[in-house]
Amino acid sequence: MPDGAAPILDVNNLKTIFRTRDGEVHAVNSVSFDVGPGELLGVVGESGSGKSVTMMSLMGLLPSPPAEIVSGEILYQGSDVRKMSEAQLRDLRGGDVGFVFQDPMTSLNPVFTVGYQLVEPLQIHMGLSKKAARARAAELLDLVGIPDARKRLSDYPHQFSGGMRQRVMIAIALACDPKLLIADEPTTALDVTIQAQIIELVRDLRQQLGMAIVWITHDLGVVAGIADRVMVMYGGQIVEHAPVGELFANPQHPYTRALLETVPRVDGTRDARLRSIQGQPPSLAAHPASCPFAARCGHVFDRCLVENPERRDVGARHDVACFWDARTREPYNG
Amino acid sequence: MFTYTLRRLAFAVPTLLIISFIIFVILDMAPNDPTASLPLTIPPEVRQQIRDALGLDQPMPIRYFKWCVQFFWNEPVNLIEQWTGWTIGDSESRLRVISWQTRSPVVDLIAERMPQTLWVVGMSYVVGILIAIPIGVISAYKQYSWFDQFGTLFSMAGFSVPTFFTGLLFIVIFSVNLQWFPSVYDTTHRVTDWDSFWFQVRQMIMPVMVLALFNASQISRFMRASMLDNLQQDYVRTARAKGLRERAVLLIHVLRNSMIPVVTVIALGVPQIFGGAIITEQIFRVNGLGQLLIVGIQSADIPLVQTLTFIFAVLIVLFNLVADVLYGILDPRIRYD
């Protein structure tokens, strides 16, 4: 992203909670980030770290109740999404902002043809006639690499393989030339070879169409391959944020460092055991007055247990939420 | 799909033959005596002659075979003659299935009673579905809202309170106290102008509503459960992410999927319409098929009971097939062959 360009999406202090019978679950705690035009932001974290919930809250896709955005600001091209009417929000969804979800097997409606499901957003957002929309739908299927596109429009989702269905989902998301594509673990449910194809496809499409992408994943390898910037989430918070090269070269947060150690390396020594992160992800039942990672952290000290660290800058566009300084290997004084 | 339907129809033939035989055997084992309701002054040997005249002196397999010939051959031939005006063979001596009590052909009796049942019970089914589907949809969409709570109460009440109770309750309230509707259904009433049409509507309202309440309470629960299942699905989120209006998400994407099991339930319930609502027909004095069956059983009118029961069996087999075919049409994942 060119420095200084206005971000397409700017999120400040977003807090999303789920009101359940057992009390409030703070799924997203004061999350702030931005996405520039044409940029690819990777969001990494384990299951339950709040990465999907964060992105789903942005466009009001969480079921409410139980989910509720309690505070924060979501600016899409400068206008606050939270203050938008339902109709304005609908115009964004599927129009300016496209979504791809995790499980292509269940994300498409089984009783409608792929063509029908592709034509829907085209008619709503672009006001195309049925015929024009169908022609455009065929183009889109062709764009995402589905052979014999025109004929396949009248097929049902169950007649496509998993990878092909995910291509259809991508075609739906891209239908109305979105400026922002939110991809929620789009490759998690797929075979590794298909994963590679989908990643390659998104990389190509991004070059052709130039939209910004938020790519949610728990696979660091995927992020390393395609992202410009990476955001690491843990316990509903952003614990580290850096350009992709910087993050892999110079990880600061103990959690990021531990995550990197869990990735097998082709060039590593054979006898080195693959590390795992001990312990369980934190329960999000209450807003913590301590670092959420404290219980699993190897560098934990007394301050971590009584205070939740704020994000602090450690380099150019690189910040970390930790009291421990990875460079000096000592508690940070500030 | 077409060959599947044909194959299923072919399979239905042996099934129905076996059913008809079982019905015949069961009715034969019942300790019925068609002369029991005759005056006690008739001496036993005369009674025996009456029984012989009805064909009861012959062994069971022969009587079954005769019924088969009458029902599967003579009656259809007779129907064709009536429709086309042709004469096929010796139509005078062709034996039809005759009711022991009324001495008239059973099929004619059924044809006479059918319109009342179809109007009252069929209408109640349609009204029930029309009430049930919106209730189910809204209840599921606004789960645990006051509307849903009320809907649950409504269906619990409708399902657990028997129709003879609601029927009598309606009569007490609307006929006796308010005097809005007649309590007895006049089968001989003919609709000729607006006034007589209005009378027909008024006399139908109570029996239709009693049955519709019962049907609606069942179907609305199915509808609600099915909607709730589908509202959880990922494709609903996809539909919202495409920017569809909430109404379109609900009434196009979710409803179409939710209707699949409900349509099956509805199709399987259709034979019950023809079966009539025995109790409700009795309460409101509707001369329908249910009432015909009850009278037939009470007077040991075996040919009538046998034929009616068998027709119900045919309808059940047929609508099972209809349900399966509809399932295949609604759900592209289950297209046969």
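The values are calculated or read from the model by the stated rules, or taken from the named source; none is laboratory data. Keep in mind that this is a model prediction, so the values were computed, not measured. Using ideal geometry, Cβ is built from the backbone for each residue, glycine included, and neighbour counts are taken over all protein chains shown. Quick note on the areas: whole protein, heavy atoms, side chains included, nothing else; ligands and nucleic acids left out. Shrake-Rupley method; radii C 1.70, N 1.55, O 1.52, S 1.80 Å.
Obtain the nm distance between the two label points defined at residue B:68 and residue B:169 by a simple spin-label model: each point lies 7 Å from its Cα along the Cα-to-C-beta direction.
Distance between the two pseudo-spin positions: 4.9 nm.
As a test of the formula, what do you get for chain B when each DSSP H run with n ≥ 4 contributes -39,500 (n - 2.57) and the sum is divided by the residue count, at 222 nm and rounded to the nearest 500 deg cm²/dmol?
Computed ellipticity for chain B at 222 nm equals -22000 deg cm²/dmol.
Name the chymotrypsin sites (Phe, Trp or Tyr not before Pro) in region B:12-103 that are in a loop by DSSP and that have at most 11 other C-beta atoms within 10 Å, would you?
B:86
So, in nm, how far is label residue B:229 from label residue B:17 when the simple model puts each one 7 Å beyond its Cα toward the Cβ?
3.7 nm
Given a 1.4 Å probe, how much area per residue of the protein assembly as shown is accessible, in Å²?
Value returned for the protein assembly as shown: 49 Å² of accessible area per residue.
Over chain A, what lengths in whole Å, largest first, do the semi-axes of the equivalent ellipsoid take, defined as the square roots of 5 times the eigenvalues of the alpha-carbon gyration tensor?
Rounded to whole Å, the semi-axes are 36, 23, 18.
Label points 7 Å out from Cα along the Cβ direction at residue B:88 and residue B:178: separation in nm?
5.2 nm
For region B:200-278, take the alpha-carbon Rg, divide it by the Kirkwood Rh, and send me Rg/Rh.
1.15
Using 0.36 nm times the number of residues separating residue B:3 and residue B:25, minus their current alpha carbon distance, what extension gain do you get?
Residue separation times 0.36 nm, minus the Cα-Cα distance, leaves 4.5 nm.
Between Rg and the Kirkwood Rh of chain B, both from Cα atoms, what is the Rg to Rh ratio?
Looking at chain B, the ratio lands at 1.05.
Just give the residues from region B:248-273 buried by at least 10 square angstrom of accessible area in the all-chains context relative to the isolated chain, probe 1.4 Å, and say none if nothing qualifies.
B:252, B:253, B:256, B:257
When a/c is below 1.5 the answer is rounded, else prolate if a/b is larger than b/c, else oblate, so apply that to region B:145-192 with a ≥ b ≥ c taken from the square roots of the Cα gyration tensor eigenvalues.
Prolate shape, in that a/c is at least 1.5 and a/b is the bigger ratio.
Apply 1/(1 + (r/R0)^6) to the Cβ-Cβ distance of residue A:248 and residue A:32, taking R0 = 35 Å, and write down the FRET efficiency to the nearest 0.05.
0.95
Across bins of 5 angstrom width beginning at 0, how are the C-alpha pair distances of region A:209-334 distributed, in whole percent?
That works out to 2, 10, 19, 22, 20, 15, 8, 3, 1, 0, in percent per bin.
Loop by DSSP (not H, G, I, E, B), at most 14 other beta-carbon atoms within 10 Å: where is the longest site-free stretch of chain A for trypsin sites (Lys or Arg not before Pro)?
Free of exposed loop sites, the longest segment is A:22-264.
Using a cut-off of under 12 Å, list every residue of region A:117-142 whose amide N is near the label point 7 Å from the Cα of residue A:177 along the Cα-to-beta-carbon line.
Under 12 Å, as judged by backbone N against the label point of residue A:177, lie A:126 of region A:117-142.
Would you mind telling me the share, in percent, of accessible area of chain B contributed by carbon and sulfur at probe 1.4 angstrom?
Whole-percent figure for carbon plus sulfur exposure: 69.
Using the crude model of +1 on Lys and Arg Cβ and -1 on Asp and Glu Cβ, and no other charge, please compute the dipole size for region A:60-161 relative to its Cα centre, in debye to 20.
It comes to approximately 460 debye.
Report for the protein assembly as shown the percent antiparallel among DSSP-assigned beta bridges with both residues inside it, nearest 5.
65 percent
First measure r as the distance between the Cβ atoms of residue B:202 and residue A:207, then evaluate 1/(1 + (r/R0)^6) with R0 = 56 Å and state the FRET efficiency to the nearest 0.05.
0.15
DSSP loop (so not H, G, I, E, B), at most 12 other Cβ within 10 Å: list which trypsin sites (Lys or Arg not before Pro) in region B:160-264 pass both filters.
Hits after loop and neighbour filter: B:190.
Output the direction-averaged projected area (hull surface divided by four) of the convex hull of the alpha-carbon atoms of region B:226-267, in nm².
Spelled out: convex hull of the Cα atoms, projected over all directions, averaged, 2.7 nm².
Mean residue ellipticity at 222 nm from the helices of chain A, using -39,500 (n - 2.57) per DSSP H segment of n ≥ 4 over the full residue count, to the nearest 500 deg cm²/dmol?
-9000 deg cm²/dmol
At what distance in angstrom do the alpha carbon centres of region B:282-325 and region A:276-334 lie from each other?
The distance from the Cα centre of region B:282-325 to that of region A:276-334 comes to 76 Å.
Which pairs, out of A:151/B:242; A:51/A:130; A:15/B:142, put more than 28 Å between their alpha-carbon atoms?
A:51/A:130
Report the B-A buried area as the accessible area lost on both sides summed, probe 1.4 Å, in Å² to the nearest 100.
Roughly 2100 Å² of accessible surface disappears when B and A pair.
For region A:41-170, with all protein chains present and a 1.4 Å probe, just round the carbon and sulfur fraction of the accessible area to a whole percent.
Answer for region A:41-170 is 52 percent, counting heavy atoms of protein chains only.
Could you tell me which of rounded, prolate or oblate describes region A:79-225, using a ≥ b ≥ c as the square roots of the eigenvalues of the alpha-carbon gyration tensor, with rounded for a/c under 1.5 and, failing that, prolate when a/b is larger than b/c and oblate otherwise?
oblate
Which parts of region A:56-104, residue by residue, lose 30 Å² or more of accessible area when the rest of the protein chains are there, as against the chain isolated (1.4 Å probe)?
Checking the loss per residue gives A:61, A:90, A:93, A:101.
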